[in-house]
Amino acid sequence: MKRGESGLCGILAVDKPKGISSHDVVNAVRRVTGERRVGHAGTLDPMATGLMLVCVGAATRLSAYLTGHDKRYTARIVFGAATDTDDAEGRITTAYTKTAPGEGLAGLAGIDPQELLDSIEGEAMQLPPAYSAIKKNGVTAYKAAREGRELELEPRRVSIYRARFIGAGFEEADLDDGQGGRFTALLPYWDVDLEVSKGTYIRSIARDLGQSLGCGAHLSALRRTEVGGRGLGGSVTLEELGELAAAGAELPWEDPVALLGLGRSRELSEDELADVANGRALKGAFPQGLTACTSKGRLMALYKQVGSTAKPELVIPGGVSGVAAAQPSAASELILWDPCTAQPAGREPRVLVIGVFDGVHKGHRYLIDAALEDAAARGVKASIVTFETDPDEFFGREPGSFKLMGNDERLAALRAYAPGQVAEVVAMRSSKENYAVEPEAFLDRLGALFEVEGIHVGADFRFGCRAAGTVDDIARWCAARGADCCPQDLLSIEGEVVSATRIRRLLEAGDVDAARRLGARVVLRGSVVHGRGEGGGMGFATANIEPRADVMMPREGVYGGFCTVAGRCYAAAVNVGVARSFEEATSPVEAHLLDFSGDLYGKPVELELVHWMRPQIKFESQEELISTVMGNIQWVRDELAPLAASRRRES
């Protein structure tokens, strides 16, 4: 083995922290692994955080295939000030002044954020930032800008697939008052969720939005949440990576086949393995495009069909670690469906089950299971048809916080349901045009997507433009095509229909025990923020989190539950609602973790509430507070800690 080569070969999903460059991440992985051949598959600016795919060893040869992936970000865009770098790291070049504090911000008045964001979706020519890594005539743009000369960069064609408004607020900024002094002002910001193509600069999106409104804008925070369909979940921090390496543990290699997004793999025979090692063609039928050739959990090569044989596109001696074993429990395919535009090819025979499925509770499972039984009897697969965004949320009929699950969590739960039986989850992509499809057109376009043999819905199901479609419309459509319409009476438990509305009532009352009996998982997700530090004084770790704003919060009170950090489960006592005994308390959720050691700050956590213990109380003394809290902790230790330990062993 050559000096500097560790023999390691794989891809790591790293959660990059703020304040370091992508090159710093690469150097850190080199130190941890002892491997000099390390590269990344997409740069993140120092101010940005989130998902970076880092290739180690010979896996660096896959970088070219990974850099072309689409990406997803959450971004904070601050209006009222433009900077020379188009982000918060730069020098403010234009801003409204103290003498005319409203000047420059008038463009925001009366603006519907989502309407403006809708207008930027699609293909566009985007001018890269002056401070970027783009080279022209051998000169790097950011180096020229630092020297006081700007390169004339050419606009590039990019695609903004999706731009969604998350929320708004105000952020403190240090500004020039126009008279030689400085002052502090609160500038408005938007938090935005963006899905974009390779090479799209989020800083440029912020800059262009500010210019269109006439007030200037810049990017103040950016987090990459997805690369080519791989989300942040299960990614590791550099600190966690160092701890694993120091302990001699196996590094958390990603599945290279999944990351490449091929969906096509071929497990090699011994003879084929020898052919691949020598770069020879393989015989047999291969699908169009690239096929991943694997052997015993390693990606050995990429092959491409040419005529009657498949020829090597890339061969990696020794192979890339991390290929997941083929299992029937693999998640179903997700199809984001635009009924107003092109139809995916297919026309496979299917039994369909249609609904929103917020919470994927027992009532939903009852309906889906009926469709699965029907499909099995016919010898075909079933497909779940749903919506990328809950229609009630999309049209503003209900606030986002009414939901039992975030839209991404709901789609993930549906994809994981009945592996091997559900062929795909078809989610209508969120757009006004798609949601405005008339009922019959909606069914016609499903019929263009699949050879429909049956449709299962709840007896009260409504669909299509203005929710005008009913079960009777589905029955007429099916009858005209020789398919079956199968409306299902809703499941009842304890004399009442199981529904998301019923579960919401239970959560409003704090009755998570009853909600769980109906199949609901009461989960709060967020990142740990700084709190009061009270937990440390009592001898246990405390996680204060700002939960997602798009999921319903249960009644204020104290619950027993589980906290999952970096894939490991701990029993926890969870306070929901600002603690009444502390005037300075600000975090709406505070969890006291048992048997956890280490730093929690900044880490994403998942809190699952399983038992209501008591309402919020304003204690008269510190002694009463400590006595009550320690009693809650003891109940959690007795009842939940053994279950948490069992979960850790199983994982």
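Spin-label model, ALA124/SER212: points 7 Å from Cα along the beta carbon direction are separated by 0.5 nm. Using a 10 angstrom Cβ neighbour count of at most 11 plus a DSSP loop assignment to flag exposed GluC sites (Glu not before Pro), which longest range of the chain is free of such sites? The answer is 251-493.
Taking a point 7 Å from the Cα of GLU333 along the Cα-to-Cβ direction, the residues of the range 375-400 with backbone N closer than 15 Å to it are 381-385. Express as a percent, rounded to the nearest 5, the fraction of DSSP beta bridges in the chain (both residues included) that run antiparallel. Around 75 percent of the beta bridges assigned by DSSP in the chain are antiparallel ones.
On full extension, the segment bounded by ALA448 and ALA479 gains 9.5 nm, given 0.36 nm per residue less the C-alpha separation. Under the simplified labelling scheme, the LEU153-ASP513 pair shows an inter-label distance of 5.9 nm, with each label point 7 Å from Cα along Cα→Cβ.
Peptides 41-50, 21-30 ordered by packing proxy, namely the average of other Cβ atoms within 10 Å per residue, highest first: 41-50, 21-30.
All alpha carbon pair distances within the range 39-89 were sorted into 10 Å bins beginning at 0; the resulting P(r) in whole percents reads 20, 40, 26, 12, 2. In a simple Cβ point-charge model (Lys, Arg +1; Asp, Glu -1; nothing else charged), the chain has a dipole of about 2040 debye relative to its Cα centre. Of the peptides 157-169, 510-522, 74-86, the order by per-residue mean of other Cβ atoms within 10 Å, starting with the highest, comes out as 74-86, 510-522, 157-169. The residues packed around ALA376, meaning those with a beta-carbon under 15 Å from its beta-carbon, carry a net charge of -2 if Lys and Arg are +1 and Asp and Glu are -1. Extending 7 Å from Cα along the Cβ direction at SER621 and again at ALA467 yields two label points whose distance is 5.5 nm. Straight-distance candidates among the aspartates and glutamates for linking to LYS16, with alpha-carbon spacing under 12 Å and chain neighbours fewer than 8 residues away dropped: ASP24, ASP45, GLU239, GLU240. Remark: the range 471-518 carries 53 Å² of accessible area per residue (probe radius 1.4 Å; ligands, DNA and RNA excluded). Convert 25 °C to kelvin, take the viscosity as 0.890 mPa s, use the Kirkwood radius over C-alpha pairs of the chain as Rh, and evaluate the Stokes-Einstein diffusion coefficient in µm²/s, rounded to a whole number. It comes out at roughly 89 µm²/s.
A Förster radius of 51 Å combined with the Cβ-Cβ distance from SER308 to ILE111 puts the calculated FRET efficiency at roughly 0.30. Cut-off under 20 Å on the C-alpha distance; same-chain residues fewer than 8 positions from LYS618 excluded. Which aspartates and glutamates are left, in chain and number order? Hits, sequence-local ones excluded: GLU534, GLU556, GLU583, GLU584, GLU590. Checking the cross-link pairs LYS311/LYS381; LYS71/LYS403; LYS71/LYS432; LYS71/LYS296; LYS71/LYS304; LYS432/LYS603 against a 28 Å limit on the alpha carbon distance flags LYS311/LYS381; LYS71/LYS296; LYS432/LYS603 as lying beyond it. Taking each residue as 0.36 nm, the span from THR341 to GLU250 lengthens on full extension beyond its C-alpha to C-alpha distance by 28.2 nm.
For the pair the range 241-317 and the range 24-89, the centres of their Cα atoms are 25 angstrom apart. A cut-off under 15 angstrom between Cβ atoms defines the neighbours of ALA549, and their net charge, with Lys, Arg +1 and Asp, Glu -1, is -4. Here r is the Cβ-Cβ distance between GLU494 and ALA370 and R0 is 22 Å; the resulting FRET efficiency, rounded to 0.05, is 0.60.
The values are calculated or read from the model by the stated rules, or taken from the named source; none is laboratory data. These figures come from a predicted structure and were not determined experimentally. As a convention, Cβ positions derive from the backbone with ideal geometry for all residues, glycine included, and neighbour counts pool all protein chains shown. Note: areas computed on protein heavy atoms with side chains; ligands, DNA, RNA excluded. Shrake-Rupley method; radii C 1.70, N 1.55, O 1.52, S 1.80 Å.
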